[in-house]
Amino acid sequence: MPRFSLTGRVALVTGSSTGLGKATALCLGQAGAKVAINYANNKARADAARTELREAGITAELFQADVTDEATVDQMVTAIEGSLGPVDIVVLNATPAQPLNPIEEYDWDFYEQMLDFFVKSPYLLARRVLPGMKARRHGRLINITSEVFQLGVAPFSAYVAAKGGQIGWSRSMANELAPYGITVNMIAPGWIPVERHANDPQEDKDAYLARIPVGRWGKPEEVGWAATYFASDEAAFVTGQTVAVNGGNTVW
Ligand SMILES: NC(=O)c1ccc[n+]([C@@H]2O[C@H](COP(=O)([O-])OP(=O)(O)OC[C@H]3O[C@@H](n4cnc5c(N)ncnc54)[C@H](OP(=O)(O)O)[C@@H]3O)[C@@H](O)[C@H]2O)c1
């Protein structure tokens, strides 16, 4: 059973119909939070995620919204407030596909898409939920970043640059929001295979696993439990920090 109680809290996890987001939604829900599941494109998958959460005894609702679009972010948060209550916890997690390519093969539209997901979307979500969080003197913004920033992974310049932007934004926001009882923290996962990695080359997987000190793959819920800690009251004195959930891949 989870050690940290989120009973009475409302959590929005962007992009939580699958992958790390769904696992995080399950962990927050198992800790007692009411959960807003967000997705943009695949309703059947989102329906299945909601069923999975509800079968685990979690109060969960679906909210379809493109989290890079200001109007739909506003409508989504209004809808969450109407059905679950004011948003206490936002996990900024949604992502599109992330192809690795040399810089000559990335156009600026792709760079912008990365920035839209990892810098614009946190900005839009924060602007929408912060007035309520400030009034209540409580809030939790949890950014899912990546170990790729610290490692300088290549050829991956657009994603790494955007994750770097997300990290800088989080650090600045942590200082700005600390006086209001709002914390801003980051989780930097290593490669944790989820549904979209099913067809990735086995030699890539073997090479990655070979360098992980813990000697096994991470599990999506290990990101979720880190988020549960950051979301908890017990983490009120922790802000602007990153926890690397990567089996020691960035220990040096
Ligand atoms: N898995 C890893 O190895 C790993 C490692 C390091 C960091 N991360 C980070 O962890 C986060 C989650 O990654 P993941 O691997 O779990 O991704 P994923 O399995 O591909 O899931 C992406 C989620 O985002 C949703 N989504 C896509 N476009 C959206 C939009 N415009 N608005 C709202 N939701 C949207 C998808 O739903 P729809 O398709 O229905 O829209 C889906 O729920 C990302 O920030 C990623 O960079 C992952």
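The values are calculated or read from the model by the stated rules, or taken from the named source; none is laboratory data. Computed from a prediction, not measured in an experiment: that's the story for all the values here. Cβ placement follows ideal geometry from the backbone for every residue including glycine, while neighbour counts extend to all protein chains displayed. For accessibility, only protein heavy atoms count, side chains too; no ligands or nucleic acids. Shrake-Rupley method; radii C 1.70, N 1.55, O 1.52, S 1.80 Å.
Structure notes:
- The slack in the chain from R3 to D204, taken as 0.36 nm per residue of separation less the alpha-carbon distance, amounts to 68.8 nm.
- Expressed as a whole percent, the proportion of Cα-Cα pairs in the range 10-245 lying more than 31 Å apart is 17%.
- Rounded, prolate or oblate (a/c below 1.5 giving rounded, otherwise prolate when a/b exceeds b/c) for the range 183-252 by Cα gyration tensor: prolate
- Taking the C-alpha atoms only, the angle from helix 19-30 to the longest principal axis of the chain is near 30 degrees.
- Taking the DSSP beta bridges with both ends in the chain, the antiparallel portion is around 0 percent.
- Between the range 135-191 and the range 66-114, the Cα center-to-center distance that results, in Å: 14 Å
- Rounded tilt (10° steps) of 157-177 against the dominant C-alpha axis of the chain: 30 degrees
- Ellipticity estimate at 222 nm from DSSP helix runs (n ≥ 4, -39,500 (n - 2.57)) divided over the chain, nearest 500: -13500 deg cm²/dmol
- Non-local Lys pairs in the chain, i.e. 8 or more apart or on different chains, that have alpha carbons under 15 Å apart: 5
- log10 of Debye I(q)/I(0), alpha-carbon scatterers only, for the range 25-70 at 0.17, 0.22, 0.29 Å⁻¹: -0.46, -0.70, -1.00
- Accessible area of the range 10-245 belonging to carbon and sulfur atoms, whole % at 1.4 Å probe: 52 percent
- Peptides 43-50, 201-208, 7-14 ranked from most to least packed give 7-14, 43-50, 201-208, packing being the mean of other C-beta atoms within 10 angstrom over each peptide's residues.
- Between the listed residues W217, G15, L26, the Cα displaced farthest toward the positive end of the dipole of the range 10-245, a dipole computed from Cβ unit charges relative to the Cα centre, is found at L26.
- Taken per residue, the accessible surface of the range 10-245 reaches 44 Å², heavy atoms only and a 1.4 Å probe.
- Among F230, F110, F149, residue whose mean-square fluctuation peaks in a GNM of the chain (springs only between Cα atoms under 10 Å): F110
- Within a Gaussian network of the chain (alpha carbon springs, distance under 10 Å), most fluctuating of N199, N185, N175: N199
- The magnitude of the dipole of the range 10-245, with charges of +1 and -1 set on the Cβ of Lys/Arg and Asp/Glu and taken from the Cα centre, is near 780 debye.
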